[in-house]
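Below: one structure, written as structure tokens.
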Amino acid sequence: MKKVLAITVFFLGFLFQAFGQNSCDSVYTVVDELAEYPGGPPKIMNLVIENSSACVQEDETPPSSLYLVFTISEKGELVEIRCQNPDLINDGFTSCLMDQLKAKMESWIPATVSGETVCSEFNLPISCLNWK
């Protein structure tokens, strides 16, 4: 019985490690090579434009600018998107757009430091006068 319990605990630990929640223990802000989204900034902006229309409410005026920060894991997975505009953090449009982007973004090419992949942040300032 003890062997079965030990094997089960080991197996569950392996599963948690292999398939556990994406996280970054330390996030680099200065790297040798930035994380890169497949297709580059034009592809990211196309995603923003395509998904923003679903987030615009009739009675809401979307912000004219946003500053988003993407946290990318050392495996290239999108871990988190944050809004750096203090007045827009709980805004309906901004929250919707971040949720849409997180759901639809592909894996990134991770940042590197001394040839090793690392968790990093990617900053995306967005300016737009008409979201519709």
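What to note about this one:
- Test result for L129, modelled with pLDDT under 85 and either farther than 17 Å from K43 by Cα or in a strand (DSSP E or B) (or both): yes
- Of all residues in the stretch 104-132, those being among the aliphatic types (A, V, I, L, M) and over 12 Å from V48 (Cα atoms) number 5.
- Count of residues meeting criterion [farther than 19 Å from Q84 by Cβ and assigned to a loop (DSSP other than H, G, I, E, B)] in the stretch 47-70: 8
- Residue match in the stretch 35-57 (condition: more than 17 Å from K102 (Cα to Cα) and at pLDDT below 90): yes
- Index of the failed condition, C128 passing every other in (1) surrounded by 12 or more Cβ atoms within 10 Å (Cβ to Cβ); (2) within 10 Å of the chain's Cα centre (by Cα): (2)
- Top-ranked residue in the stretch 81-115 [being in a strand (DSSP E or B) and touching a residue at least 40 places away in the same chain (Cβ under 8 Å); ranked as surrounded by the most Cβ atoms within 10 Å (Cβ to Cβ)]: A111
- Within the stretch 52-80, considering residues that are out of contact with any helix residue (DSSP H, G or I) (no Cβ under 8 Å at 6 or more places or on another chain) and loosely packed, with under 14 Cβ neighbours inside 10 Å, the one nearest to E116 (Cα to Cα): K75
- Selection over the stretch 29-51 of residues that are surrounded by 11 or more Cβ atoms within 10 Å (Cβ to Cβ) and touching a strand residue (DSSP E or B) at 6+ places or on another chain (Cβ under 9 Å) gives a count of 12.
The values are calculated or read from the model by the stated rules, or taken from the named source; none is laboratory data. All values reported here derive from a predicted model rather than from experimental measurement. When we count neighbours, we look across all protein chains shown, and the Cβ atoms used for this are built from the backbone with ideal geometry, even at glycine.
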